[in-house]
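The values are calculated or read from the model by the stated rules, or taken from the named source; none is laboratory data. None of the values given here were measured: they were computed from a predicted structure. In this analysis, Cβ positions are derived from the backbone assuming ideal geometry, glycine residues included, and neighbour counts consider all displayed protein chains.
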Amino acid sequence: MNGRKLLNECPAVIGMITATLQSGNSMDTAARTISSEGPQLSSIIFGKAVRSADVKAAESVSEGIKNELLTVPKEAEGYRRAVLMAISASETSDTSMMNKMLDESSEIALESIKEMGESYGSALTAPCMTIFGLGIMMPVIVLSILPIMGIGGVFGSFAMDQRFLILLTLIMIPAAIVMTSLWIRSGNPFRNQNPSLSDLMTIAPLLSSIPLYFISANMFEDSPLLLLTSMAPACVATAILMVEDVHKEHRRRTDERMLMDSFFDMGNRMVSGMNFETAAVSSISGRERDGIISDSLSKQFVFCRGDRCAAIDRTIGRVSEEAGLAFKSLLLCSEKDSDDAGKLAMTLGRQYQNRCMAQKDMEIKLKSFTDMLIGTSVFFAPLVLGLSVAMLCPLSMITDLSTEGTTTIMGVYLIELNATISLLMSSIGEDSSIRSVVWRFSVMCPISLLVFSLCTMFGS
């Protein structure tokens, strides 16, 4: 079980427990709600606790949760402490003490998220620098010394053929970058999307580069224009076809942040005496540009026939599953006490804000590395490799080294480099979908091949 990802679920779990307890229900109800509607890893833990209580393997659901918490990874120590504090809060009969302990549980969750973000950001420094050295500097160095090693000198000559170049640049280096990227991806606690098979359809336009390659091969042979004329049109076509989807996803993520930011205003309105429906619609409309979500939510509340949870699922749930779950928790709490629901809304707002700050701090710390990797794969690597390939021609005249096919090998390597760097950037960020990887690659690859082609022809 991924301890960091489990810890990232802590604020949502504590929020659901708080909403359930403050609405007058028990820890048993909270555990069953989390097992059916909670975050992925937490639903597994609470589901096992519920089943152990149902079959009398544990005295109660609370005891079952405590037993399951003993098995969570060491990285999720903050998760364990926060949930145990919430369980203690459920066992007290003093309402004020319960609220105080729930607030302390929320603070533990917030602090743990902040520490996790700092730890994860610091742990990525070495892998990113390793990828920079392996993926960019090593091919440049090898290509630069390749003809020189064939000239000879004090230690004699050592000619390296293209098989070594293909093994190193097209197999070993990309494989190392892919494995490192997948390792980073598996440890990313902020990743909120799993790979979807439907996203594989976005790769289909890129397959048009295969027939284009065979068509261009008859005209350009080992020219740098061979890969440019075959790969660039396919990437441009893919990017054009994805523009609308990328814009929709950007809009959805903007709306999701808007919904989560509305919790503070919503909590203040409910504490001031406003009911849940009016506070929800008013807080969203105050932050929304076009009013689509707030108008839709208002209409759904009117026509839902009392099923307000379904109204939330049909509007907010389509934008963000997490926000929809939070709004339903607030609705449940408001049915018991509107003032407590307002305080819970402000708590959820602080939790989301602290999580976003931790993620933003991580992105700021890594910005220099990510900018360096992107800039190098798009401009620096094709620039140096292109000039190095151009210099091979005069140097090969005084050696036995054959440079035939070197231009194509380096061009294919640049394609693989842009693909692996796109995977790495997606693995570090919050959006790790296949669609995001394909979009980055479609934008970066044509520019890289264009720079490589220009430098190769200019150097020649």
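The set of residues in region 416-452 being under 22 Å from L165 (Cα atoms) and either surrounded by 24 or more Cβ atoms within 10 Å (Cβ to Cβ) or out of contact with any Leu (no Cβ under 7 Å at 6 or more places or on another chain) (or both) consists of L417, N418, A419, T420, I421, C445, S448, L449, F452. Report yes if some residue within region 285-300 is under 18 Å from G15 (Cβ atoms) and either acidic (D, E) or not in a helix (DSSP H, G or I) (or both); otherwise report no. Scanning region 285-300, I find no residue that is under 18 Å from G15 (Cβ atoms) and either acidic (D, E) or not in a helix (DSSP H, G or I) (or both), so the answer is no. Of all residues in region 184-202, which are in a helix (DSSP H, G or I) and either buried (at least 18 other Cβ atoms within 10 Å of the Cβ) or modelled with pLDDT of 85 or more (or both)? I184, T202, listed by residue number.
Of everything in region 68-82 that is part of a helix (DSSP H, G or I) and at pLDDT 85 or above, the residue that is surrounded by the fewest Cβ atoms within 10 Å (Cβ to Cβ) is E77. If the condition is being part of a helix (DSSP H, G or I) and either touching a strand residue (DSSP E or B) at 6+ places or on another chain (Cβ under 6 Å) or among the hydrophobic types (A, V, I, L, M, F, W, C) (or both), then region 35-67 contributes L41, I44, I45, F46, A49, V50, A53, V61, I65. Checked against (1) outside the structural domain of M346 (by TED's automatic domain parsing); (2) over 21 Å from I434 (Cβ atoms), T278 passes all but condition (1).
Yes or no: E118 crowded, with 16+ Cβ neighbours inside 10 Å, within 30 Å of T347 (Cα to Cα) and out of contact with any Ser or Thr (no Cβ under 6 Å at 6 or more places or on another chain)?
In short, no.
Determine whether region 81-90 contains at least one residue that is under 24 Å from the mean Cα position of the chain (by Cα) and farther than 23 Å from C356 by Cα. Scanning region 81-90, I find no residue that is under 24 Å from the mean Cα position of the chain (by Cα) and farther than 23 Å from C356 by Cα, so the answer is no. Residues of region 83-97 that are at pLDDT below 85 and outside any loop (DSSP other than H, G, I, E, B): T95, S96.
Is there a residue in region 453-460 that is crowded, with 19+ Cβ neighbours inside 10 Å, assigned by TED's automatic domain parsing to the domain that holds P174, over 27 Å from the mean Cα position of the chain (by Cα) and modelled with pLDDT of 85 or more? Within region 453-460 (the criterion being crowded, with 19+ Cβ neighbours inside 10 Å, assigned by TED's automatic domain parsing to the domain that holds P174, over 27 Å from the mean Cα position of the chain (by Cα) and modelled with pLDDT of 85 or more), the answer is yes, since at least one residue qualifies.
In this structure, T238 qualifies as in contact with a Ser or Thr (Cβ under 9 Å, 6 or more places away or on another chain) and hydroxyl-bearing (S, T, Y). Considering every residue within region 283-292, establish whether at least one is touching a Phe, Trp or Tyr at 6+ places or on another chain (Cβ under 6 Å) and within 14 Å of D255 (Cβ to Cβ). No, the conditions are met nowhere in region 283-292.
A quick yes/no check of all residues on (1) touching an Asp or Glu at 6+ places or on another chain (Cβ under 9 Å); (2) in a helix (DSSP H, G or I); (3) surrounded by 21 or more Cβ atoms within 10 Å (Cβ to Cβ); (4) modelled with pLDDT of 85 or more:
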position	(1), (2), (3), (4)
L206	no, yes, no, yes
N218	no, yes, no, no
S230	no, yes, yes, yes
V236	no, yes, no, yes
H247	no, yes, no, yes
R269	no, yes, yes, yes
A279	yes, yes, yes, yes
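Within this structure, R318 passes the test of being basic (K, R), part of a helix (DSSP H, G or I) and either more than 29 Å from I434 (Cβ to Cβ) or touching a helix residue (DSSP H, G or I) at 6+ places or on another chain (Cβ under 9 Å) (or both).
Annotation: of all residues in region 313-341 being surrounded by 21 or more Cβ atoms within 10 Å (Cβ to Cβ), farther than 22 Å from G273 by Cβ and among the aliphatic types (A, V, I, L, M), the one that is nearest to the chain's Cα centre (by Cα) is A323. Restricting K114, K100 to residues that are of a type in the set (K, R), touching a residue at least 24 places away in the same chain (Cβ under 8 Å) and either in contact with a strand residue (DSSP E or B) (Cβ under 7 Å, 6 or more places away or on another chain) or assigned to a helix (DSSP H, G or I) (or both) narrows the list to K114. The residue list A30, A57, A82, A53 contains one member that is of a type in the set (A, V, I, L, M) and under 30 Å from R185 (Cβ atoms), which is A82. Among residues of region 43-71 that are without any contact (Cβ under 8 Å) to a residue 60 or more places away in the chain, those with a beta-carbon under 7 Å from a residue that is among the acidic types (D, E) at least six positions away or on a different chain give the pairs I45/E68; K48/E68; A49/E68; V61/D28.
Among the conditions (1) more than 27 Å from L21 (Cα to Cα); (2) outside any helix (DSSP H, G or I), the only one that D361 does not satisfy is (2).
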